[in-house]
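This report refers to the structure that appears directly beneath it.
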Amino acid sequence: MSRKSSTSLTEGVPSTTKAVLPPYEEPNSPPVKLDLEKPPLGVEEPDKNVKLKYPKSVFFIVVNEFCERFNFYGMRTVLTLYMKQILDFSEDKATVLYHTFLMLSYFTPIPGAILADTYLGKFKTIAILSCIYAFGSIMLAVAAIPNFLPQTGFSMTGLLIIAIGTGGIKPCVSAFGGDQFVRPQQDRQLEAFFSVFYFSVNAGSLISTFITPILREDVHCFGDDTCYPLAFGVPAILMIVSIVIFVAGKPLYTIKKPEGNIMGEFFKCIGHAINRRFKSKGEKRDHWLDFASDKFDKQLIQDVKRVLAVAFVFIPLPVFWALYDQQGSRWTFQAMRMNGDLGGFVLKPDQMQIINPLLILLMVPLFEAVIYPCFKKSGLLTPLRRIGCGLVFCGLSFVISGFLEIALE
């Protein structure tokens, strides 16, 4: 008789499934609406009316996130121009390397989550990988100094280290913030925290995207007409500040021990179900995943079903992000061929990326307070329709960009 696993996708996995922001951390992702869970049968439901003090520890987490996002988006804003102007890469090569860096930055959250959930815990994972992250940022800034180090080799090494660091902490920071609250008594405070956390992400992105192009172009250093060492150096300093602030809050933190990562059980359940499905000829089940019921708990199987159902909604998203991130590569190079004159203000090519976080900070309150409630009453704007509208507008933006490219040529 095979031993059943009692692991649930909704238990003991704070960095991947419990009340956390999705990888996120991207500025145009909306704040998460919490799905408040009921306690298991036989467990007394806590009194939600009990008022608990707002955890002071989240202040350190929010400020840490602001500084870290300032570093990442500030560095990323000027990166393709650095590759073209300083490393003398072609636009095509710079674009490939830029998107390779982003790909690594969004792949490393997977091992980062496993490391936090299974071995180190979220606090140690954030602290250690943030130090690695800061080292990579400093290396990139130093490599930008002319005639000091082999620029290409050290720049690429610095970017690789940054990708490991920034990706590794992505699944941990928002989840660690969620750990500071007692549920369900502080569910409302937890939602408010995620809104503030989301605001800090966009504020860091907005400010750094505006400032670093100025440091790059308007400041002259080391005999050059530009100052990439400063454009990379200021964000690197903010990364160091973020580590200091994060560690300073340790006495106030609620630090939970690693409880194991669910991803292994998730894929084992799918694999076992597929294997049993093909071996059990003629046997019928309501769902193909039910073939795993001889080895895995029903709760886990139900959770896997829900995850796979949601995964279909995410199928178009890789296409969206592949287009969205062109802002930092192809669109920036396109902007270099325009004058940027907005009538009294000249927008630098890499400052074009400021539009996204700016519109988010301006429009999210309007949409949440006015537009979404109005559509909700009529039932016209479901989450799927909102996603669909976003994808349509993304496609239209590239049609416009294509006509603009024709006009420029």
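In region 160-198, which residues are among the aliphatic types (A, V, I, L, M), farther than 14 Å from residue 129 by Cα and in a helix (DSSP H, G or I)? Write out each step before concluding.
Start the filter on region 160-198 by keeping residues that are among the aliphatic types (A, V, I, L, M), which leaves 160-164, 169, 173, 175, 182, 190, 192, 196.
In the following step, the residues that additionally are farther than 14 Å from residue 129 by Cα were identified as 175, 182, 190, 192, 196.
Result: 175, 190, 192, 196.
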*So which pairs qualify, if the first residue must be in region 114-131 and free of Cβ contacts under 8 Å to residues at least 12 places away in the same chain and within 20 Å of residue 158 (Cα to Cα), the second must be of a type outside the set (D, E, K, R) and surrounded by fewer than 24 Cβ atoms within 10 Å (Cβ to Cβ), the Cβ gap must be under 8 Å, and the two must be at least 6 apart or on different chains?*
128/120
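Conditions (1) assigned to a loop (DSSP other than H, G, I, E, B); (2) out of contact with any Phe, Trp or Tyr (no Cβ under 7 Å at 6 or more places or on another chain); (3) closer than 23 Å to residue 167 by Cα, marked per residue:
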{"site": "53", "(1), (2), (3)": "yes, yes, no"}
{"site": "58", "(1), (2), (3)": "no, no, yes"}
{"site": "105", "(1), (2), (3)": "no, yes, yes"}
{"site": "112", "(1), (2), (3)": "no, yes, yes"}
{"site": "116", "(1), (2), (3)": "no, yes, yes"}
{"site": "136", "(1), (2), (3)": "no, yes, yes"}
{"site": "146", "(1), (2), (3)": "yes, no, no"}
*Quickly run through region 204-252 and pick out the residues that are among the small types (Gly, Ala, Ser) and within 16 Å of residue 60 (Cβ to Cβ).*
204, 242, 248, 249
*Looking at region 137-145, is at least one residue farther than 18 Å from residue 228 by Cα, at pLDDT 95 or above and either surrounded by 20 or more Cβ atoms within 10 Å (Cβ to Cβ) or in contact with an Asp or Glu (Cβ under 6 Å, 6 or more places away or on another chain) (or both)?*
no
*What are the residues in region 161-198 that are surrounded by fewer than 21 Cβ atoms within 10 Å (Cβ to Cβ) and either among the basic types (Lys, Arg) or within 25 Å of residue 224 (Cβ to Cβ) (or both), if any?*
161, 183, 188
*Scan region 322-330 and give yes if some residue there is loosely packed, with under 13 Cβ neighbours inside 10 Å, among the hydrophobic types (A, V, I, L, M, F, W, C) and in contact with a His (Cβ under 9 Å, 6 or more places away or on another chain), otherwise no.*
yes
_Whether any residue in region 349-357 is without any contact (Cβ under 8 Å) to a residue 24 or more places away in the chain, of a type in the set (Val, Ile, Thr) and either surrounded by 15 or more Cβ atoms within 10 Å (Cβ to Cβ) or within 30 Å of residue 231 (Cα to Cα) (or both) is what I want to check._
yes
*Do we find that residue 98 is among the aromatic types (Phe, Trp, Tyr), out of contact with any Pro (no Cβ under 8 Å at 6 or more places or on another chain) and crowded, with 17+ Cβ neighbours inside 10 Å in this structure?*
yes
*Got a number for residues in region 204-234 being outside any helix (DSSP H, G or I) and under 16 Å from residue 143 (Cβ atoms)?*
5
_Restricting to region 238-270, name every residue that is touching a helix residue (DSSP H, G or I) at 6+ places or on another chain (Cβ under 7 Å) and small (Gly, Ala, Ser)._
242, 248, 249, 260
*What are the residue pairs meeting all of these: first residue in region 310-334, first residue more than 17 Å from residue 390 (Cα to Cα), second residue surrounded by 15 or more Cβ atoms within 10 Å (Cβ to Cβ) and of a type in the set (Phe, Trp, Tyr), Cβ atoms under 6 Å, and 6 or more apart or on different chains?*
329/98
*Answer yes if at least one residue in region 251-259 is within 20 Å of the chain's Cα centre (by Cα) and buried (at least 16 other Cβ atoms within 10 Å of the Cβ), and no otherwise.*
no
*From the set of residues in region 254-270 that are in a loop (DSSP other than H, G, I, E, B) and charged (D, E, K, R), which is nearest to residue 175 (Cα to Cα)?*
256
*asked:* Anything in region 271-304 that is assigned to a helix (DSSP H, G or I), touching a helix residue (DSSP H, G or I) at 6+ places or on another chain (Cβ under 7 Å) and crowded, with 16+ Cβ neighbours inside 10 Å? List them, or say none.
replied: 272, 273, 276, 277, 289, 290, 291, 292, 293, 300, 301, 304
_For the condition in contact (Cβ under 8 Å) with a residue 40 or more places away in the chain, surrounded by 22 or more Cβ atoms within 10 Å (Cβ to Cβ), among the β-branched types (Val, Ile, Thr) and in a helix (DSSP H, G or I), what is the one hit in 241, 201?_
201
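Tell me the helices (runs of 4 or more DSSP H) entirely within region 315-409 that contain at least 3 residues that are small (Gly, Ala, Ser). Let's see the steps before the verdict.
Working: elements: 317-324, 330-335, 355-366, 372-378, 383-408.
It comes to 383-408.
Among the residues of region 84-102, write down those that are of a type outside the set (Lys, Arg), assigned to a helix (DSSP H, G or I) and without any contact (Cβ under 8 Å) to a residue 24 or more places away in the chain. Can you show your working first?
Within region 84-102, the subset of a type outside the set (Lys, Arg) is 85-92, 94-102.
Next cut, assigned to a helix (DSSP H, G or I) only: 85, 91-92, 94-102.
The answer is 92, 96, 100.
The values are calculated or read from the model by the stated rules, or taken from the named source; none is laboratory data. This one's a predicted model, so the numbers in the text were calculated from it and none came from an experiment. A quick note on method: Cβ atoms are made from the backbone with ideal geometry, for glycine too, and the neighbour counts reach across all protein chains shown.
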